[in-house]
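A quick write-up on the structure given underneath.
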């Protein structure tokens, strides 16, 4: 279920902050022209991106994806809004570049189809589930949806989710509880789907 939701655009990346490194301050200094800090930011971003892509892509695609994402970070750095969390911004870039790399690899593979192929499993059910869940999440309050996505679907700890959303840890827990209760109401008898989120 989590992978279906992530493929439908409902997932968020799992940022892990390096100890003692302030992403937001480093980005602000970089935008102000501090070249040394910008080099350090790119090094830390490269390490984070390597871990991110290693969990999501085949080994032969990781290096290209890291370079593509770092290039996009450089080209789009002026779009970063000071005062906003850096890692979710970087994670969004990484997600799009990861998809681009997978598409490119698929186009370049050039494998011939088996002539005896009689049918391919349909992805209709998974796609429909992702769309339905996305629409149900839109009915939740934003803090509730974010907390559930991060903790229940992406596997973040409550502490990490609190850092990413700006909520307190207690509020993250409350938003998860209330959000799941609201989803249960939306589903009516569909308790089985909620069990997959628990």
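The values are calculated or read from the model by the stated rules, or taken from the named source; none is laboratory data. Treat the numbers as computed from the prediction; the structure is a model and nothing was measured. Glycine also receives a Cβ, built like all others from the backbone with ideal geometry; neighbour counts cover every protein chain displayed.
A compact table of results
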{"read-out": "Condition met for residue 127 (assigned to a helix (DSSP H, G or I), under 19 Å from the mean Cα position of the chain (by Cα) and at pLDDT below 85)", "value": "yes"}
{"read-out": "Qualifying positions in region 27-59 - outside any loop (DSSP other than H, G, I, E, B) and touching a residue at least 40 places away in the same chain (Cβ under 8 Å)", "value": "27, 28, 30, 31, 45, 48, 49, 52, 53"}
{"read-out": "Among the candidates 98, 119, 83, residue that is modelled with pLDDT of 80 or more, in a loop (DSSP other than H, G, I, E, B) and either exposed (fewer than 10 other Cβ atoms within 10 Å of the Cβ) or not assigned by TED's automatic domain parsing to the domain that holds residue 153 (or both)", "value": "83"}
{"read-out": "Some residue of region 183-191 being in contact with a helix residue (DSSP H, G or I) (Cβ under 9 Å, 6 or more places away or on another chain) and at pLDDT 85 or above", "value": "no"}
